[in-house]
1. Being assigned to a strand (DSSP E or B), of a type outside the set (S, T, N, Q) and within 19 Å of residue 115 (Cα to Cα) is the filter here, so list the residues in the range 143-165 that pass it.
2. Return the total of residues in the range 387-408 being small (Gly, Ala, Ser) and in a loop (DSSP other than H, G, I, E, B).
3. Filter the range 329-346 down to residues that are farther than 27 Å from residue 88 by Cα and part of a loop (DSSP other than H, G, I, E, B), then give me how many there are.
4. Mind listing just one residue for me: the one in the range 224-242 that is among the small types (Gly, Ala, Ser) and within 11 Å of the chain's Cα centre (by Cα) and, of those, modelled with the highest pLDDT?
5. If I filter the range 196-204 for residues that are assigned to a strand (DSSP E or B), at pLDDT below 95 and not small (Gly, Ala, Ser), do I get at least one hit?
6. Does the range 309-327 include one or more residues that are assigned by TED's automatic domain parsing to the domain that holds residue 230 and closer than 15 Å to residue 251 by Cβ?
7. If you take the residues in the range 99-112 that are in a helix (DSSP H, G or I) and within 21 Å of residue 233 (Cβ to Cβ), which one is modelled with the lowest pLDDT?
Amino acid sequence: MSDPRNIRIEDYDYPLADGKIAQYPLQTRDASRLLVCCKGEISEDVFTNLPNRLPALSLLVFNDTRVIRARFYFNKPSGARIEIFCLETVSPTPDLQLAFASKTVSHWKCYVGNLRRWKREVLQLEISIHDTPVKVWVEKTGIEKDTVLVKFSWSDPSLSFGEVMEACGHIPLPPYITRLDDENDGSRYQTIYASHQGSVAAPTAGLHFTSTVLQALTENGIMQQWVTLHVGAGTFKPVNADTIGHHDMHHEIYSVSRQLIKAIIEQAGRPIIPVGTTSMRTLESLYWLGVKILCKERKSVFSTSQWEPYETENQHVSTHEALQGILNSMDEESTDVLHASTSLLIAPGYQFRICKGLITNFHLPKSTLLLLVAALAGPDWKKAYQFALDRHFRFLSYGDSCLFLPQP
């Protein structure tokens, strides 16, 4: 495996005009176009035909995270609007589900828009929940690097913070969608299988799937499994350094089941294709966790660092051995669910251990997500993106889809 730290991000640029960026979803999810890049050959199809374009006996792995209404707008008496974007919970608990259930106060690490206009005052929002008037207050409690610590409180102690967020929060559309969210985004910026709350951005490769497509996958013998990775705002973090070695990757929390790990082992060389970059990042991180477990590196074993694959000397461990090591560890802990975090950077030079393809959307120029695609597709990523530009595909979160199946 070669070290990608000297990769120049300028080499992963392409001309993306504003008019190419989809501002709204299509009326029908699976009506999106599908670019297929298979062994260097590029063609166009429609997403409803995805089941017929996948290799026989493939295993698709989906991310079933659910986007939370993480963006709030408060107005000062002066009329100035303050935007608060919740990133991660701090207290009374760092556990997301417990934080949503809190009925007292909730402290979050946030990005704040128009921060210079928000001094020390407590901001208030008046809403109605279940036909009952409710007041919501926010207060700055500190600064942590580029984020603000914000305390949320509300007037009705019978309500959970999750209910408050659902009532007055907004869907956090990505920054390149230059409009406010509307009622339609509440359903369309979620996958139809979203189930575990926690993301501040959708795993957008999954937005094209419908019950019809999922049923066709089953009928074609394509197996389906699930991971949960809560997508953070760091997924949009630009690469501001000249070389990727000077970029700090964001970390994300994920969980996987014993059932998934067993399914990967049972695939025994048959194609495993993640739906989206978050699923790919999760699957590849599993291998490196297994390596650390086998090598008895118990310190920080349940996290994967940015450069770990490029620095470890234990490249000889097979995928089967690594995954079996995880199962053995789960047996010791008497658990059927593995919880971990990853800062893994997948870039050209990375040697894939689990994934043999990728279903994904088109990604921003000079982004770490584009580097991930290039790591899998090789130079074909440029041909694929030029094909899409020339044929007026729709780009980014609400845009069209790609299927990459590189040479085995």
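The values are calculated or read from the model by the stated rules, or taken from the named source; none is laboratory data. A quick note: this is a predicted structure, and the numbers were derived from the prediction, not measured. When we count neighbours, we look across all protein chains shown, and the Cβ atoms used for this are built from the backbone with ideal geometry, even at glycine.
1. Filtering the range 143-165 down to residues assigned to a strand (DSSP E or B) leaves 143-144, 147-154.
Checking which are of a type outside the set (S, T, N, Q) leaves us with 143-144, 148-152, 154.
Passing the criteria: 143, 144, 148, 149, 150, 151, 152.
2. First, the residues of the range 387-408 that are small (Gly, Ala, Ser): 388, 397, 399, 401.
Subset that is in a loop (DSSP other than H, G, I, E, B): 397, 399.
Residues flagged as small (Gly, Ala, Ser) and in a loop (DSSP other than H, G, I, E, B) within the range 387-408 amount to 2.
3. The total comes to 1.
4. In the first step, residues of the range 224-242 are kept if they are among the small types (Gly, Ala, Ser); the result is 232-234, 241.
Keeping just the survivors that are within 11 Å of the chain's Cα centre (by Cα) gives 232-234.
On the way: 232: 85, 233: 77, 234: 77.
Among them, the one singled out is 232.
5. Initial filter on the range 196-204 (assigned to a strand (DSSP E or B)): 196-199.
Right, trim to at pLDDT below 95 and you get 196-199.
Checking the rest, the ones that are also not small (Gly, Ala, Ser) come to 196-197.
The answer is yes; a qualifying residue exists.
6. The first filter runs over the range 309-327 and keeps only residues assigned by TED's automatic domain parsing to the domain that holds residue 230, leaving 309-327.
From what's left, closer than 15 Å to residue 251 by Cβ: none.
Within the range 309-327 (the criterion being assigned by TED's automatic domain parsing to the domain that holds residue 230 and closer than 15 Å to residue 251 by Cβ), the answer is no, since none of the residues qualifies.
7. Just the residues of the range 99-112 that are in a helix (DSSP H, G or I), to begin with: 99-101.
Still in the list and also within 21 Å of residue 233 (Cβ to Cβ): 99-100.
Working: 99: 87, 100: 90.
Within the range 99-112, the match that is modelled with the lowest pLDDT is 99.
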